[in-house]
Amino acid sequence: MRRTRGGYEAYWSLALLALMAATFRLWLPASWTGTESYPSVPMFDLAKMGLSEHSAGLISFAATLAIVVACFATIGWGRSRWTWPIIAVSLATAVMLDQHRLQPWAYQSFLYAILFAAAPRDESGRLSESTFRLIRLLTISVYVYSSIGKFDFQFLHTVGQDFLKAPLQWVSVDVSAWPTRTRLIAAASFPAFELCVAIALSWPRTRMIGVWMATAMHLGLIAVLSPMGLGHSPGVIVWNAVMAMQAWWLFAGSVVEGKDEPKPDMSRAGALSWAVVIIALVMPIFERAGYWDHWLAWALYSPHSSRVTVQIHESAIDQLPEEWQAAITADDDSDRWHDFHLGQLSLVVRRVPAVPQARYQWALADRIIQQSGIENRVRGKVQSASDRRTGERDEQWWTRRDEFEKAGKRFWLVP
């Protein structure tokens, strides 16, 4: 596949197919994947929309099938304007029917699909250079926001330490023996390097350095997140591979921008394209305040996100599916209450990360409680995003059903 403007559309179609294949339990019917027990969380009340769970499942499968067919059509034909609106609408439909599908790469693919659909093209059907500049801008913003989100108490003291320990343990280096200040500075080197990648990609003279840095960063993440490291889900590893290759497609040499071509007129990108890019660039600023989702703000591998913590009484454990037991911890303090980790549940059943959003986790807990009939044997708390400097969170405890429902009224897009 040649690195050309038309080739990039085929490349991203192939990448989207690979990512959906790696996370197939999200996209295929639950009866096919053995995940019927894991509740879907739509963005709206299906009953008020006149949809049953069965009809919603059919629509969801149709959306998945439409994405797959449109991606293959794009790959086979090289360039096809009409396939991208189908992909954008189908992705939006699939996410509306189950918020768990709102993975960062799915959001990225949705943005790209709109840009590809709205982009002006030349006589041969190739995307304009102005569109590629917008895509480069979006890509750089991913690295900027992702790095900034990690200059944070929670990352430096938790995930950052895990990232540090994983590769050093391969060479028998005991990080725990280091002074605390040294360990924190070492953990801060991860987001610092990522920010340098963004800066290097922003300037023509340093762009190739940025490409090599991005490649090294993603390959390093693949190693750390692989089974020989932290053992993350396949989708995370595939996305890192996709991002590493994308750096070469978008920034290496003169792949899409010929030397003899005039400087593109960015006004030709179109109002819709600019509106999408501006929203994607500006809204992450409001993530910590709760007005934008953490993943949509590229808060990646950053544990500062809002969340719902759930505890279940031991008398209710047997009412949950047997495979869910891996998400329930032992009763260390002998009070008969066990931590029920929704994030681990997602990894056990669907093999993908849980959406790091209190809104989604509250709705997921609500469905689990109702379908299992354990209303009076569960308790927990809703936690806000953490403070960047101290790591502290606002917490709202609930022990009764009415307290739980009251905690959920603060969220938007909860059916």
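The values are calculated or read from the model by the stated rules, or taken from the named source; none is laboratory data. No experiment lies behind these values; they were computed from the predicted model shown. Cβ atoms come from the backbone with ideal geometry, glycine included; neighbour counts cover every protein chain shown. When the accessible area is computed, the model is the full protein with side chains, heavy atoms only, and any ligands, DNA or RNA have been set aside. Shrake-Rupley method; radii C 1.70, N 1.55, O 1.52, S 1.80 Å.
What is the chain's relative contact order, in percent, from Cα pairs under 8 angstrom and six or more apart in sequence? Walk me through the intermediate numbers first.
Working: 587 pairs, mean separation 78.0, N = 415.
Contact order relative to length: 19 percent.
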Q. What FRET efficiency comes out for the pair residue 52/residue 121, r = Cβ-Cβ distance, R0 = 41 Å, nearest 0.05?
A. 0.50
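Taking the highest mean first, how do the peptides 365-371, 159-165 order by number of other beta carbon atoms within 10 angstrom per residue? If you can, show how the numbers build up before the last one.
Details: 365-371: 17.3, 159-165: 19.9.
Highest to lowest by the protection proxy: 159-165, 365-371.
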Q) Separation between the residue 178 and residue 162 pseudo-spin-labels, each 7 Å from Cα along Cα→Cβ, expressed in nm? A) 1.7
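Out of the total accessible area of the stretch 1-137 (probe 1.4 Å, heavy atoms of protein only), what percent is carbon and sulfur? All intermediate terms of the calculation are to be shown ahead of the outcome.
Working: 3580 of 5480 Å².
Here it works out to 65 percent.
Give me the extension gain from residue 92 to residue 329: residue separation times 0.36 nm, minus the current Cα-Cα distance, reported in nm with one decimal. Numbers along the way, then the final one.
Values: separation 237, 0.36 × 237 = 85.32 nm, distance 3.54 nm.
Full extension from residue 92 to residue 329 adds 81.8 nm.
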Q. Between the stretch 79-146 and the stretch 23-72, how many Å separate their Cα centres?
A. 21
Q: Provide the packing ranking of 408-415, 383-390, i.e. peptides ordered by the mean count of other C-beta atoms within 10 Å per residue, highest first.
A: 383-390, 408-415
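How would 150, 48, 406 line up by accessible area, probe 1.4 Å, largest first? All intermediate terms of the calculation are to be shown ahead of the outcome.
Working: 150 10, 48 175, 406 140 Å².
So the residues, ranked largest to smallest area, are 48, 406, 150.
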(Q) Tell me the carbon and sulfur percent of the accessible area for the stretch 282-415, rounded to whole percent, probe radius 1.4 Å. (A) 48
Q) What is the helix-to-structure angle for 271-282, meaning the angle in degrees between its Cα long axis and the longest Cα principal axis of the chain, kept from 0 to 90 and rounded to the nearest 10? A) 50
Q: With label points built 7 Å along Cα→Cβ from the Cα atoms of residue 65 and residue 401, find their separation and express it in nm.
A: 3.9
Q. Put a dot 7 Å past each Cα toward the Cβ at residue 228 and residue 216; how far apart are the dots in nm?
A. 2.0
Q) Can you give the accessible area of residue 196 in Å² (nearest 10), computed on protein heavy atoms with a 1.4 Å probe? A) 70
Q. How much solvent-accessible surface does residue 208 expose, in Å² to the nearest 10, with a 1.4 Å probe and all protein chains in place?
A. 70
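From the P(r) of the stretch 310-354, could you give the percentage of C-alpha pairs in the tail past 16 Å? Please report the intermediate quantities before stating the final value.
Values: 333 of 990 pairs.
Value for the stretch 310-354: 34 percent of Cα pairs lie more than 16 Å apart.
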(Q) Could you work out how much longer the chain between residue 348 and residue 192 gets when fully extended? Use 0.36 nm per residue separation minus the Cα distance between them, nm to one decimal. (A) 52.9 nm
**Q.** Fluctuation leader among 241, 47, 119 - the chain, Gaussian network, Cα springs under 10 angstrom
**A.** 47
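Provide the packing ranking of 336-344, 397-405, i.e. peptides ordered by the mean count of other C-beta atoms within 10 Å per residue, highest first. Walk me through the numbers before you get to the answer.
On the way: 336-344: 17.1, 397-405: 14.4.
Packing order, densest peptide first, comes out as 336-344, 397-405.
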Q: Output the Cα-based Rg and Dmax of the chain in Å, rounding Rg to one decimal and Dmax to a whole number.
A: 22.3, 74
Q. Based solely on its DSSP helices, what 222 nm [θ] is calculated for the chain when runs of n ≥ 4 H residues each add -39,500 (n - 2.57) and the sum is averaged over all residues, nearest 500 deg cm²/dmol?
A. -17000 deg cm²/dmol
**Q.** Cα centroid separation - the stretch 194-209 against the stretch 352-379, whole Å
**A.** 42
Q.
So for the chain, if I pair up every lysine 8 or more residues apart or on another chain, how many of those pairs have alpha-carbons under 28 Å apart?
A. 6
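Give the accessible surface of the chain per residue, rounded to a whole number of Å², with probe radius 1.4 Å and ligands, DNA and RNA excluded. Write out the running numbers ahead of the final one.
Numbers: 19080 Å² over 415 residues.
Ligands and nucleic acids excluded, the figure is 46 Å² per residue.
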